[in-house]
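A short write-up of the structure that comes next.
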Amino acid sequence: MTQNEKATVFVRLKDGVLDPQGETIYKALLQMGYGDFESVRSGRFFELEIKAGVEDIESKIDEVSKKLLSNPVIESFSVERNR
Amino acid sequence: MKVGVVTFPGSNCDYDSYAAVKHILNEEVEFLWHKSTELKDSDLVILPGGFAYGDYLRAGAIARFSPIMEKVIEFAHSGGRVIGICNGFQVLTECGLLPGALMRNRHLRFSCKFVHLRVENSETDFTTACETGEVLKIPIAHGEGNFYHYDNDIKELEDNGQVAFRYCTPGGDITDAANPNGSINNIAGILNAQKNVLGMMPHPERAVEDILGSVDGLKLFESLRSSIGSSVKVGHP
């Protein structure tokens, strides 16, 4: 059986939007002695497994990323196809 | 006034809202199930606090696609009055009935305490019983109440009188220390451009009896009753 194709949608806060979670992680790194980093921004990703034989999936992925997976007011997204 | 209180899976302030309307205001109230598409002739729809759909993905993000919300959105577009409290506010921003977004509190903690709110616009159906500049004592209970919007859009909200409430000191001063979550311009509640939809993080339904520590939340419900009209006929058995 062949494996279904997957797409990964990465959602991140837009530049300039405050990310208290990222800042807290950054402070933890400093506290742990890792001083090599300038900043941390947090985000999340979603793996979508695509049904075999589906056509024009790109626009669908774009649509669900805008409608559901991200909040366009504060977040941007990018898509990676894993063939 | 007939009130509909929406119950999503994970709502936990639906009974508080129901009780405030039924037992304190003595007005008609019904629950509206999230899978239903019937608003039961409500004059006012309340989206209550809680953690609809477990706050999965983002607070309010899944709830906005539930069947009842389609009707609530139609109702709001036709001028119906809708109030979203706490999680209900998050649902309203997610579904686009209100602008902006509610982000994680800047200190990352869940805040549960009384706060003071300054009434910024008393000329709305939600605030007629208040004076502009009046300070209300109402509790908050949220982890994601940090209101955010772009600078230009915030200016538009401010210019249009769409800011309903701001976090303030007991004396009514707008200070950073009085801001419990990092909201831009200390915003605690906003209205849509038509002013028939209100979203607020504080819980007016939890401040309706002396035993609860404040009765200031009643002013919102009384404002709505005087705008909509009472359906309770005085003098009839």
Revision key, fill the gap. Dividing the helical contributions, -39500 (n - 2.57) per DSSP H run of n ≥ 4, by the residues of chain A yields a 222 nm value, nearest 500 deg cm²/dmol, of -7000 deg cm²/dmol
Check your understanding: Mind listing which GluC sites (Glu not before Pro) in region B:1-108 are in a DSSP loop and have 15 or fewer other Cβ atoms within 10 Å?
Key -> B:Glu38
Check your understanding: Nearest 20 debye, what's the magnitude of the dipole of chain B about its Cα centre given +1 on Lys and Arg Cβ and -1 on Asp and Glu Cβ?
Key -> 460
Check your understanding: What FRET efficiency comes out for the pair A:Lys66/A:Leu30, r = Cβ-Cβ distance, R0 = 41 Å, nearest 0.05?
Key -> 0.70
Point to revise | Where N is the number of residues in the protein assembly as shown, Cα Rg divided by 2.2 N^0.38 Å | key: 1.08
Review point. Based on the alpha-carbon gyration tensor of chain A and its eigenvalue square roots a ≥ b ≥ c, which shape applies: rounded if a/c is under 1.5, prolate if not and a/b is larger than b/c, or oblate?
Key: oblate
Point to revise | Estimated dipole of the protein assembly as shown in Debye, rounded to 20 [Cβ of Lys and Arg +1, of Asp and Glu -1, Cα centre] | key: 540
Practice item. Choose one of B:Pro9, B:Ala19, B:Ser227: the residue whose Cα lies farthest towards the positive end of the charge dipole of region B:2-228 (beta-carbon charges +1 Lys, Arg; -1 Asp, Glu; about the Cα centre). Key: B:Pro9
Exercise for review: Quick one: dipole size for chain A, taken about the Cα centre, charges +1 on Lys/Arg Cβ and -1 on Asp/Glu Cβ, in debye to the nearest 20.
Suggested key: 160
Check your understanding: When all alpha-carbon pairs of region B:95-201 are counted, what percent fall beyond 17 Å?
Key -> 49
Check your understanding: Taking neighbour Cβ counts within 10 Å as the exposure measure, how do B:Leu224, A:Leu48 sort from fewest upward?
Key -> A:Leu48, B:Leu224
Exercise for review: Determine ³J(HN,Hα), in whole Hz, for all residues of region B:215-229 in sequence, where each value follows from phi through the Karplus function 6.51 cos²θ - 1.76 cosθ + 1.60 and θ = phi - 60°; x replaces Gly and Pro.
Suggested key: 10, 5, x, 4, 4, 5, 5, 5, 4, 5, 5, 6, 6, 8, x
Review point. With Cβ to Cβ distances under 9 Å as the rule, what net charge do the other residues near A:Val79 carry (K, R +1; D, E -1)?
Key: -2
Point to revise | Sparsely packed trypsin sites (Lys or Arg not before Pro) within region B:1-96, loop by DSSP, other Cβ within 10 Å at most 11 | key: B:Lys35
Check your understanding: Can you give the % of DSSP beta bridges in region B:2-228 that are antiparallel, to the nearest 5?
Key -> 60
Point to revise | chain B - convex hull of alpha carbons, volume per residue in Å³ | key: 117
Check your understanding: What is the sum of charges around A:Leu68, taking Lys and Arg as +1, Asp and Glu as -1, for the other residues whose C-beta is under 10 Å from the C-beta of A:Leu68?
Key -> +2
**Study point:** Loop trypsin sites (Lys or Arg not before Pro), region A:1-37, which have at most 15 other Cβ atoms in a 10 Å radius of their Cβ (DSSP)
**Key:** A:Lys14
Point to revise | Helix-only CD estimate at 222 nm, as mean residue ellipticity for chain B, using -39500 (n - 2.57) per DSSP H run (n ≥ 4) | key: -5500 deg cm²/dmol
Review point. Counting other C-beta atoms within 10 Å, which of B:Val91, A:Val64 has the fewest, and how do the rest follow?
Key: A:Val64, B:Val91
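A short reminder: the numbers here are calculations on the coordinates, not readings from a lab. Everything numeric here is computed off the predicted structure, so don't read it as measured data. Note that we place each Cβ from the backbone using ideal geometry, even for glycine, and neighbour counts take in every protein chain shown.
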